[in-house]
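> After the structure tokens below, expect a handful of questions from me.
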Amino acid sequence: MKIVRIAVIIGTIFSLSIAEVDGRTERNITIITSSINLQETNIYEGNCIPCHKYAMPTTLEGMFMKYLKAYSGEMSVKLTLKQFLKKPMKEDSIMSDLFLERFSVKEKSLLSDEDLTKAIDIYWDLYNVRNKLK
């Protein structure tokens, strides 16, 4: 594969590659956006999703809806979730006793306050109902 041109425009990399495969020419364009956004998304994807994607009867979206129902607003949901993730206790969990018996209360988050805030912001943006009504 031969890369013909690479351009960087405001934190975005565009590359065009041309390759000959089985006698035919293939052209590919690759676009990589801002690495800051990728890093922040990875805070959530790398630290939250791995534990929640295996054999959980409630999805992360379902848990989000429980928090939203219990705490109603963005600030109260985010604050409550952050406090719980920093110091998880059974009596503070929004999950049912049956859920907690099967899966237990999660371990304390090892993320810094800043990274925990970023992960919660991504979580909020991902499942916020208002974003889906547009």
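> Looking only at the stretch 75-117, which residues have a backbone nitrogen under 11 Å from a spot 7 Å from the Cα of MET56 in the C-beta direction?
From the stretch 75-117, the list is 106.
> If you project the alpha carbons of the stretch 35-132 onto their three principal axes, what span does each projection cover, largest first, in Å?
Its Cα atoms span 41, 28, 24 Å along the three principal axes.
> Using 1/(1 + (r/R0)^6) with R0 = 22 angstrom and r between the beta carbons of LEU100 and LYS66, what's the FRET efficiency to the nearest 0.05?
My answer for the efficiency is 0.95.
> Could you give the length gained by full extension between ASN47 and LEU110, i.e. 0.36 nm per residue of separation minus their alpha carbon distance, to one decimal place?
21.8 nm
Where a number appears in this text, it was derived from the coordinates with a stated rule and is not lab data. Everything numeric here is computed off the predicted structure, so don't read it as measured data. No Cβ is skipped: glycine too gets one built from the backbone with ideal geometry, and neighbour counts run over all protein chains shown.
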